[in-house]
Amino acid sequence: MASQAASIRARLVRLTKTWPVDPLRPNLSFAGAIDKNMVQRVNFETLSPEGIKYAQRAVDSLEGIRVGRESVEHPTAQSILRPKSDPEYYARIRRAVEKVSKGEKLTLTFAQRMRVFFGGKP
């Protein structure tokens, strides 16, 4: 049982080291949250068998999220990705995030700013 707990802890530590950094908020990392809330706070030597199973499922889920397995098993519906009220909403957000992550400035033209000011879409 101790070896299972050590294996879980090692997998969590590996996750914290390999989790991608958010280019928009590099000082708020999900890896840091995993480290602080699971690696540092959980006493792996005293885990019960139920606790080990729960931790195993949690680590499996986190690894699935990191490698993209969860998005394949549980895809997001197109009705959510392209809402009828504004089908291009998430595409604009994705383009903006890609620009910012490359270090490009995200600036709107005067016409786009006026359109947004009056309630339109950029």
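See the values below:
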read-out	value
Qualifying positions in the stretch 95-116 - under 22 Å from the mean Cα position of the chain (by Cα) and surrounded by 11 or more Cβ atoms within 10 Å (Cβ to Cβ)	ARG95, ALA96, VAL97, GLU98, LYS99, VAL100, SER101
When residues of the stretch 1-19 are limited to those that are under 30 Å from ALA96 (Cα atoms) and without any contact (Cβ under 8 Å) to a residue 24 or more places away in the chain, the one surrounded by the fewest Cβ atoms within 10 Å (Cβ to Cβ)	LYS17
PRO75 vs. criteria touching a residue at least 40 places away in the same chain (Cβ under 8 Å), part of a loop (DSSP other than H, G, I, E, B) and either under 21 Å from GLN4 (Cβ atoms) or not hydrophobic (A, V, I, L, M, F, W, C) (or both)	no
Residues of the stretch 39-56 satisfying the condition of being without any contact (Cβ under 8 Å) to a residue 40 or more places away in the chain, within 23 Å of the chain's Cα centre (by Cα) and assigned to a helix (DSSP H, G or I)	VAL39, TYR54
For ILE65: the one exception among (1) farther than 19 Å from VAL21 by Cβ; (2) at pLDDT 90 or above	(1)
Subset of the stretch 46-72 that is among the acidic types (Asp, Glu) and within 14 Å of GLN4 (Cα to Cα) - its residue that is surrounded by the most Cβ atoms within 10 Å (Cβ to Cβ)	ASP60
Residue check, GLY103 modelled with pLDDT under 85 and either among the β-branched types (Val, Ile, Thr) or over 20 Å from LEU24 (Cβ atoms) (or both)	no
Residue among ARG113, ARG94 that alone is within 22 Å of PRO20 (Cβ to Cβ), outside any loop (DSSP other than H, G, I, E, B) and either outside the structural domain of PRO23 (by TED's automatic domain parsing) or at pLDDT 85 or above (or both)	ARG94
Qualifying position, being of a type in the set (Lys, Arg) and part of a loop (DSSP other than H, G, I, E, B), among LYS84, LYS36	LYS84
Residues being part of a loop (DSSP other than H, G, I, E, B) and either over 20 Å from VAL67 (Cα atoms) or not assigned by TED's automatic domain parsing to the domain that holds VAL67 (or both) - total across the stretch 1-23	1
Filter result (more than 24 Å from TRP19 (Cα to Cα) and free of Cβ contacts under 8 Å to residues at least 12 places away in the same chain) within the stretch 97-110	LYS105, LEU106, THR107, THR109, PHE110
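The values are calculated or read from the model by the stated rules, or taken from the named source; none is laboratory data. Quick caveat: nothing in here was measured; it's all calculated off a predicted structure. Quick reminder, even Gly has a Cβ in these numbers, built from the backbone with ideal geometry, and neighbours come from all protein chains shown.
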